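Submitted below is the structure of interest, expressed as structure tokens.
The values are calculated or read from the model by the stated rules, or taken from the named source; none is laboratory data. In this text, all values refer to a predicted model and were calculated from it rather than measured experimentally. Glycine gets a Cβ as well: all are built from the backbone with ideal geometry, and neighbour counts include every protein chain shown. These accessible areas exclude ligands, DNA and RNA; they are computed on the full protein's heavy atoms, side chains included. Shrake-Rupley method; radii C 1.70, N 1.55, O 1.52, S 1.80 Å.
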Amino acid sequence: MSAVREDPAVPSASESGPVPARAARAVSPGVRASLSRRRTWVVVAVALLAGALVLVALQGAIRAPGPPLAADDPAPGGAQALARVLEGRGVEVRQVRSLDAALDEARRGATVFVHDGLGVLDRERIGELASVADAIVIARPDFAALEVLAPGVRLAGAAEGGPGPAACAVPAADRAGTLSDGQRLLAIDDDAAAAGFTGCFPSGDGFAVVAGTAPDGAEVALVGATTPFANETIDEAGNAALAIGLLGERERLAWYLPGPGDADAAGAPTLAELTPGWVSPVLVLLVVVTIAAGAWRGRRFGPLVVEDLPVHVPASETGEGRARLYARSSARLRSIDQLRIGTIRRLSAALRLPRSAEVDAVVASAAGATGRPAASVRALLVDAVPRDDRELVRLARDLDGLERAVHAAIAPDASLEATDPTGRRP
């Protein structure tokens, strides 16, 4: 019966009896260990965060510091140049950010300049402003402003190239003469024309500027585009003359850019009104399922512990498992090296060589004991490389044969057997 080696590191139950219980040791990783294991992901996260901060900084440096046509904005889309020129001409320019402030300025007789780029003002709020103000200038009006201030005036697209000469009785337009390219047009129907609205700078069926009196009595000037007021285009053609003429007629100017706070929150639809009826029940069901799945698959609270179990693993299982891995990866050289290491170790012990003995010493001793040439013994123990599985098996058999020959040569009765020609022991 072949002897089976067992792992000496694990005592068996038969040798030592019941394994004494030891205190469980917690092995839950701490903060430092967790960070060390996740070092790569931490570095990636830090790099992404740094890149995001750099991108935000670059965007902040490039992006305009304020909303379009802001009186204090020096960016190309702002209108700081126009505001500075008006102030130099003695006009008190007050930039307001709320409807209430614009109404207060309008009651004091100021011209109200409005650019509702976000479209937050509804018809009711525009009508409230028109009922108080004496003069309103609107840059790029939307549908609500046209419906309240100039019924019958509608949007008519963009001009191809620059519009024609002013050709109207509006003094500011007449002084401007012409406008630059990029103008948006407004069309006037018969009802608006009958109400006294007139168009300036014609292009096709539309006009770049429309002026008239609103139903509430306010003098209204509608400019289809923002180019006559913006910093980047105000110096083109007669843009500056038109903007200064429309906004500089009075001593006070309320520069009103509506913001989100001017929107009618009461009239805005709720989230429930914007989503279908089945969305809320499905969201609730998803939350319940997520909590249930977490409770089902989650581990118990507390640190992990290590417990010693009274088991033993035969050493042969480790060897067989490693052999399967070598065979699966076709690691022939590594396999024969493992066999050679074991053979050399056993030959060194059998030949009474020290553990520090080199391979050449083992080769010389084995060759001397067996009478084989030292070159063939060295080729078997060191140099031969298996090219296929057949050579690997042959080398393994030769190693076993060499080990048997050495043991036979150093056996006590080896000399007696060598002197008996019949091979029988005396």
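Hey, what do the phi angles of region 231-246 turn into as Karplus ³J(HN,Hα) couplings, whole Hz, using 6.51/-1.76/1.60 and θ = phi - 60°, x for Gly and Pro?
Coupling constants for region 231-246: 4, 6, 10, 5, 8, 8, 6, x, 4, 5, 5, 5, 5, 5, x, 6 Hz.
Also: In whole Hz, with x marking every Gly and Pro, tabulate ³J(HN,Hα) for region 193-205 from phi via Karplus 6.51 cos²θ - 1.76 cosθ + 1.60, θ = phi - 60°.
5, 5, 7, x, 7, 10, x, 10, 6, x, 8, x, 9
Can you give the relative contact order of region 121-189 as a percent, counting alpha carbon pairs under 8 Å and 6+ residues apart?
Contact order relative to length: 31 percent.
Take the solvent-accessible surface of the protein heavy atoms, probe 1.4 Å, and return the percent of it on region 80-262 that carbon and sulfur atoms account for.
Answer for region 80-262 is 45 percent, counting heavy atoms of protein chains only.
Apply the Karplus curve 6.51 cos²θ - 1.76 cosθ + 1.60, θ = phi - 60°, to the phi angles in region 396-408 and return the couplings in whole Hz, x for Gly and Pro.
Each residue's phi maps through the Karplus curve to give 4, 5, 5, 4, 5, x, 4, 5, 5, 5, 5, 5, 5 Hz.
Apply the a/c threshold of 1.5 to the C-alpha gyration tensor of region 80-262 and tell me whether it is rounded, prolate or oblate.
Oblate.
Still on this model: Per residue, how much accessible area does region 80-262 have with a 1.4 Å probe, in Å²?
43 Å²
Suppose all protein chains stay in the model; what accessible area per residue would a 1.4 Å probe give for region 327-410, in Å²?
Dividing the accessible area of region 327-410 by its residue count gives 63 Å².
Around residue 167, which amide H atoms from residues at least 5 apart in sequence, or from another chain, sit under 5 Å from its own amide H, with H modelled in the peptide plane?
201
Right, something else. Report for region 80-262 the percent antiparallel among DSSP-assigned beta bridges with both residues inside it, nearest 5.
45 percent
Amide H neighbours of residue 92 under 5 Å, at least 5 residues apart or on other chains, H built in the peptide plane: list them.
252, 253
May I pose another question? Could you tell me the distance between the Cα centroids of region 106-178 and region 209-256, to the nearest Å?
If we compute the Cα centre of each part, the gap is 8 Å.
Hey, another quick one. Starting from the 7 Å offset along Cα-to-Cβ, what nm value, one decimal, do you get for the label separation of residue 316 and residue 205?
It works out to 10.0 nm between the two label points.
For residue 185, list long-range residues whose amide hydrogen, built 1.01 Å from N in the peptide plane, is under 5 Å from its own amide hydrogen.
Those lying under 5 Å, H to H, from residue 185 are 156, 157, 158, 159.
Here is a further query. On a 1.4 Å probe surface of the protein chains, which of 168, 200 comes out largest in accessible area, and what is the full order?
Descending order: 168, 200.
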